[in-house]
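Enquirer: Mind having a look at this structure? Questions to follow.
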Amino acid sequence: MKRIVLVIILVIGLSLSLLPQATSGNGKVRGIVTDAQTGQPIEGVTIKLYSVRAGGYFKPSPKTSVDGKWRAFHIRGGMWYIDFEKVGYETKKLSYNIETRPGVRHDPIELTLKKIEGPSLDAKIVEEINKAKELMVEEKFQEALTLFVEIKEKYKELSGIAIVNLYMGNCYSAMEDYTKAVDSFKLALEKYPKNMELILSIGNAYTNMNDTPKAMEWLKKLPFEEIHNVDTLYNIGVNFYNTSKYDDAVKYFSKATEIDNTFAPAFYQLGMTYTALNKINEAVVALKRFMELDPDSPDYQTAKAIIDAFSK
């Protein structure tokens, strides 16, 4: 099973969250975003919250205020993927489980963003790019791609326009044209060689192309301590498992389950990896958790058979 990450960097505005539809609930989450180099708060960071259960975004997206703070109220509980995005900064993506039980209070999410090297684009160009990105949010990827191509050609003399290649790569990935996606991501990487999101995007594209050696070549460039997204951890773990590097696979699957203790596939893969390592007790614990989380999974009987065999 593969879980694919689509990384999108969006431009910014300023607002507080209101009630969406499918993503509404009783949950609350808040945080502060600061500059990784200066430690100063960053105003105007877009916080995009995607509910795994609802399969949709919380709208409108919160934005950080002048003191770098943001908040989102009345959102449903469960696992959320949260992107922190601002033009001129690398996007950060994390997974966050929101509890809605009475008395549960989440600590603020404290996060830093790193500036992207190179010139930034002026407001007019950012506005044009934002229109294309809105089409991506609406899943009109071909229309968005057409606009990005036009923008890229229109402002081709500006070195900062190279970031459009990232957005084009995201469109190609969403359309499952991973070869063109990789080409676009690599063009962006030439201008922004330290951008971790581009490296992640290239690795995920190769994963989707079933090119494990290439996927691992890129994904292993990501510092383990900086990966906070369960999809990324899961993908890397699967690649390690498929190449029989079980100790490495355990490391990534374990972190995925620590971040999201409801992520059934990671528990299954963790159990299978422990089985390969002949670590019986650990395998049984992980597989039992998987069976609790996903009793309808086609892998349920396999997990049960392994537990039964270990019991004998």
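Enquirer: So which residues in the stretch 93-109 are open to solvent by less than 40 Å² (accessible area, probe 1.4 Å) and β-branched (Val, Ile, Thr)?
Expert: Within the stretch 93-109, 98, 109 qualify.
Enquirer: Looking at 274, 252, can you tell me which residue is within 23 Å of residue 200 (Cβ to Cβ) and in a helix (DSSP H, G or I)?
Expert: 252 is the lone residue from the list that is within 23 Å of residue 200 (Cβ to Cβ) and in a helix (DSSP H, G or I).
Enquirer: Could you tell me whether the stretch 253-262 includes any residue that is over 19 Å from residue 228 (Cα atoms) and buried (at least 19 other Cβ atoms within 10 Å of the Cβ)?
Expert: Of the residues in the stretch 253-262, the ones over 19 Å from residue 228 (Cα atoms) are none.
No - not one qualifying residue is present in the stretch 253-262.
Rundown of residues vs (1) touching a helix residue (DSSP H, G or I) at 6+ places or on another chain (Cβ under 6 Å); (2) under 25 Å from residue 78 (Cβ atoms); (3) at pLDDT below 95; (4) surrounded by fewer than 13 Cβ atoms within 10 Å (Cβ to Cβ), yes/no style:
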| residue | (1), (2), (3), (4) |
| --- | --- |
| 270 | yes, yes, no, no |
| 283 | yes, no, no, no |
| 286 | yes, yes, no, no |
| 294 | yes, yes, yes, no |
| 299 | yes, yes, yes, no |
| 308 | no, no, yes, yes |
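Enquirer: Could you run through the stretch 25-73 and say how many residues are in a loop (DSSP other than H, G, I, E, B) and either surrounded by fewer than 20 Cβ atoms within 10 Å (Cβ to Cβ) or modelled with pLDDT of 90 or more (or both)?
Expert: Qualifying residue count, the stretch 25-73: 21.
Enquirer: Something else: Could you tell me which of the residues 85, 90 is touching a residue at least 24 places away in the same chain (Cβ under 8 Å), under 18 Å from the mean Cα position of the chain (by Cα) and either more than 28 Å from residue 190 (Cβ to Cβ) or open to solvent by less than 20 Å² (accessible area, probe 1.4 Å) (or both)?
Expert: Just one listed residue meets the conditions, 85.
Enquirer: Right, something else. Given the conditions (1) part of a helix (DSSP H, G or I); (2) open to solvent by 30 Å² or more (accessible area, probe 1.4 Å); (3) more than 21 Å from residue 91 (Cα to Cα); (4) not hydroxyl-bearing (Ser, Thr, Tyr), report the number of the one that residue 238 does not fulfil.
Expert: Of everything listed in (1) part of a helix (DSSP H, G or I); (2) open to solvent by 30 Å² or more (accessible area, probe 1.4 Å); (3) more than 21 Å from residue 91 (Cα to Cα); (4) not hydroxyl-bearing (Ser, Thr, Tyr), residue 238 misses just condition (2).
Enquirer: Hey, another quick one. Being more than 17 Å from the chain's Cα centre (by Cα) and surrounded by fewer than 16 Cβ atoms within 10 Å (Cβ to Cβ): is that true of residue 76 here?
Expert: No.
Enquirer: Another one. If I ask for residues that are in a helix (DSSP H, G or I) and under 13 Å from the mean Cα position of the chain (by Cα), which ones from the stretch 224-235 would you list?
Expert: Hits for the stretch 224-235 are 226, 230, 231, 232, 233, 234, 235.
Conditions (1) among the small types (Gly, Ala, Ser); (2) under 27 Å from residue 173 (Cβ atoms); (3) in contact with a Ser or Thr (Cβ under 9 Å, 6 or more places away or on another chain), marked per residue:
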| position | (1), (2), (3) |
| --- | --- |
| 212 | no, yes, yes |
| 227 | no, yes, no |
| 238 | no, yes, yes |
| 257 | no, yes, no |
| 264 | yes, yes, yes |
| 271 | yes, no, no |
| 276 | yes, no, yes |
| 301 | no, no, no |
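Enquirer: Applying the selection to the stretch 53-76, what residues are touching a Ser or Thr at 6+ places or on another chain (Cβ under 8 Å) and closer than 18 Å to residue 110 by Cα?
Expert: Matches in the stretch 53-76: 61, 62, 63, 68, 70, 71, 72, 73.
The values are calculated or read from the model by the stated rules, or taken from the named source; none is laboratory data. In this text the structure is predicted, and so the values were computed from the model without any measurement. FYI the Cβ positions are ideal-geometry reconstructions off the backbone, even for glycines, and counts take in every protein chain you see. When the accessible area is computed, the model is the full protein with side chains, heavy atoms only, and any ligands, DNA or RNA have been set aside. Shrake-Rupley method; radii C 1.70, N 1.55, O 1.52, S 1.80 Å.
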